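The values are calculated or read from the model by the stated rules, or taken from the named source; none is laboratory data. The model shown is predicted, which means the values in this text are computed figures rather than measured ones. Every residue, glycine among them, receives a Cβ derived from its backbone with ideal geometry; neighbour counts consider all protein chains shown. SASA here: full protein model, heavy atoms, side chains in, ligands and nucleic acids out. Shrake-Rupley method; radii C 1.70, N 1.55, O 1.52, S 1.80 Å.
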Amino acid sequence: MSSNTPCRVVLTGLGIVSPIGIGKDAFWTNLSGARSGVGFLRSVPASRLPSKLGAEILDFDPLEHIYNRKFIKVMSRDVQLGVAAASMSMKDARLDKGAVDPERMGVVFGAGHISSTPQELKEAAREEAGKASSNQFARWGDERMAKIPPLWLLRQLPNMPACHVAIEFDARGHNNTITSRESSTLLAMSEAMGTIQRGAADCMIVGASSSATDPFDVARFNLFESLTRRDDDPERACRPFDRDRDGSVVGEGAAVFVLESYDHAVKRGADIYAEVLAVGSACDGRSGNISHFGSGLVSAIRSVIRRTGIRPEEIGHINAHGKSTQRDDLVEAMAYHQAMGETASKIPLIALGSYFGQFDAGTGAVELAGSILALRKRELPITLNYETPDPGCRLNVVRDQTLALRNSLAMSVNRTSMGQSTACLLRAL
């Protein structure tokens with residue numbers, strides 16, 4: 001290898017906490033068995049909400065997965081999910097404490113908005129009940145701040161997942177947080193990949209976590225996101241690229257990956273899932289013409305194809321974002337056709353959001369985990385609820401039964417509603 005050629009970066013560990021399974025084995029069993037994680041919301045009263053559905057993790061116990069248990073009390077649910085998934089990924093990579101020089105191990109994590117819970121602020125708010133509001137702000141500083149837990153803010157900071165993961169595994173190298181909603185995971189992977197290739201780390205812990213099932217987030221998503229209004233059959237509500245789709249559902253989850261240089265992984269005898277060939281990113285910018293929507297995703301896809309020299313027809317499957325809204329799925333499909341021509345209608349495509357909805361940064365991570373496991377198992381799971389193809393999308397959505405993979409190349413994409421887009425090419429080894 002030339003000294004000017006970047007080192008190869010591979011993925012050697014994977015951990016998942018999701019509505020369809022905790023741990024990679026349970027996750028894959030339910031994914032390959034087409035078992036949905038969507039149901040009626042249990043964590044919040046939903047009878048009066050426009051969308052009453054969600055994909056919740058019902059059997060998660062942080063004590064089973066987090067080593068530094070004294071920190072759990074200052075971890076929001078988002079952080080707990082992320083640290084638990086990181087613990088699984090490090091165990092899966094067979095990296096015990098001290099196996100990597102702490103100075104040569106870093107963390108790049110995706111995170112989103114972390115809401116407070118009503119319980120954290122209720123004591124301070126209760127003091128105001130029935131009182132005149134004219135001097136409430138003066139009273140707040142004098143009387144109410146003492147009612148708020150002193151470490152309350154530590155639960156809400158989006159950089160806390162990366163911090164707690166670094167503490168958990170004594171990772172003293174490069175550390176950063178990406179807050180770009182659904183695109184965060186692949187952007188984090190790009191940054192981690194660059195850190196390894198420039199020689200600043202041997203190993204990076206990469207992933208994302210988020211939960212959108214607490215009362216504030218459920219209300220926020222109902223106000224500002226296109227959520228499904230179906231409530232007759234929850235498991236059939238989320239239907240990416242289907243003609244009759246009407247929105248997504250809220251959810252929660254985390255997935256974390258261990259990245260290493262190829263030489264480092266081989267030297268220690270690691271089991272390699274896949275090589276990360278390239279990650280591309282772009283944004284739509286400003287345009288009032290719907291035909292220009294998705295230009296960021298077009299650029300991201302073209303970037304990874306150009307940099308790797310891989311032809312579109314060589315890609316074994318697309319791991320789509322598939323938000324299940326009329327507009328977003330149409331824009332995504334148009335981007336595939338613009339970037340790859342008619343080949344886009346032939347490549348097998350999966351949209352795993354049909355199993356667990358959308359939940360900000362963590363969405364891209366859990367979707368990517370499903371695609372990586374599909375490469376390992378040599379089998380593509382179906383996209384749930386794809387019953388009536390949308391003639392405007394013209395995609396080869398895997399449906400009805402699982403599909404044997406034709407090759408070891410996969411492209412995974414994510415796109416936010418504001419047009420921030422990412423694409424990643426992976427090759428199973």
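Worth pointing out:
- Evaluation of residue 271 against (1) part of a helix (DSSP H, G or I); (2) open to solvent by 60 Å² or more (accessible area, probe 1.4 Å); (3) over 25 Å from residue 326 (Cα atoms) (one fails), failing number: (1)
- Some residue of the stretch 343-355 being surrounded by 23 or more Cβ atoms within 10 Å (Cβ to Cβ), in a helix (DSSP H, G or I), among the polar types (S, T, N, Q) and within 21 Å of the chain's Cα centre (by Cα): yes
- Of all residues in the stretch 58-67, none are within 18 Å of the chain's Cα centre (by Cα) and assigned to a helix (DSSP H, G or I).
- Restricting the stretch 1-31 to residues that are more than 30 Å from residue 308 (Cα to Cα) and open to solvent by 20 Å² or more (accessible area, probe 1.4 Å) leaves a set whose member that is nearest to the chain's Cα centre (by Cα) is 19.
- Residue in the stretch 220-278 that is farthest from residue 186 (Cα to Cα), counting only those that are of a type in the set (A, V, I, L, M, F, W, C) and touching a Phe, Trp or Tyr at 6+ places or on another chain (Cβ under 7 Å): 227
- Residue in the stretch 184-196 that is open to solvent by 10 Å² or more (accessible area, probe 1.4 Å), under 24 Å from residue 95 (Cβ atoms) and charged (D, E, K, R) present: yes
- Flag for residue 244 being in a loop (DSSP other than H, G, I, E, B), more than 12 Å from residue 51 (Cβ to Cβ), open to solvent by 10 Å² or more (accessible area, probe 1.4 Å) and in contact (Cβ under 8 Å) with a residue 40 or more places away in the chain: yes
- The single condition among (1) open to solvent by less than 20 Å² (accessible area, probe 1.4 Å); (2) hydrophobic (A, V, I, L, M, F, W, C); (3) part of a loop (DSSP other than H, G, I, E, B) that residue 368 does not meet is (3).
- Tally of residues being part of a helix (DSSP H, G or I) and either in contact (Cβ under 8 Å) with a residue 40 or more places away in the chain or under 16 Å from residue 384 (Cα atoms) (or both) across the stretch 222-241: 4
- Figure legend. Inter-residue proximity from the stretch 403-415: first residues within 29 Å of residue 181 (Cβ to Cβ) and assigned to a strand (DSSP E or B), second residues open to solvent by 20 Å² or more (accessible area, probe 1.4 Å) and not aliphatic (A, V, I, L, M), beta-carbon distance below 7 Å, spacing 6+ or different chains. Indicated pairs: 409/314; 409/427.
- Test result for residue 302, more than 21 Å from residue 374 (Cβ to Cβ), open to solvent by 20 Å² or more (accessible area, probe 1.4 Å) and at pLDDT 95 or above: yes
- Which numbered condition residue 255 misses (of (1) over 21 Å from residue 420 (Cα atoms); (2) aliphatic (A, V, I, L, M); (3) surrounded by 21 or more Cβ atoms within 10 Å (Cβ to Cβ)): (1)
- Annotation note: of 330, 429, 403, 375, the sole residue that is open to solvent by less than 30 Å² (accessible area, probe 1.4 Å) and hydrophobic (A, V, I, L, M, F, W, C) is 375.
- Number of the condition not met by residue 328 [criteria: (1) within 26 Å of residue 18 (Cα to Cα); (2) in a loop (DSSP other than H, G, I, E, B); (3) over 16 Å from the mean Cα position of the chain (by Cα); (4) not hydrophobic (A, V, I, L, M, F, W, C)]: (2)
- Every residue from the stretch 43-63 that is of a type in the set (Asp, Glu) and either in contact with a Phe, Trp or Tyr (Cβ under 7 Å, 6 or more places away or on another chain) or touching a residue at least 12 places away in the same chain (Cβ under 8 Å) (or both): 56, 59
- Residues in the stretch 299-321 that are within 23 Å of residue 285 (Cβ to Cβ) and not β-branched (Val, Ile, Thr): 299, 300, 302, 303, 306, 307, 320, 321.
- Unmet criterion (only one of (1) in contact with a Gly (Cβ under 7 Å, 6 or more places away or on another chain); (2) among the hydroxyl-bearing types (Ser, Thr, Tyr); (3) within 21 Å of residue 405 (Cα to Cα)) for residue 324: (3)
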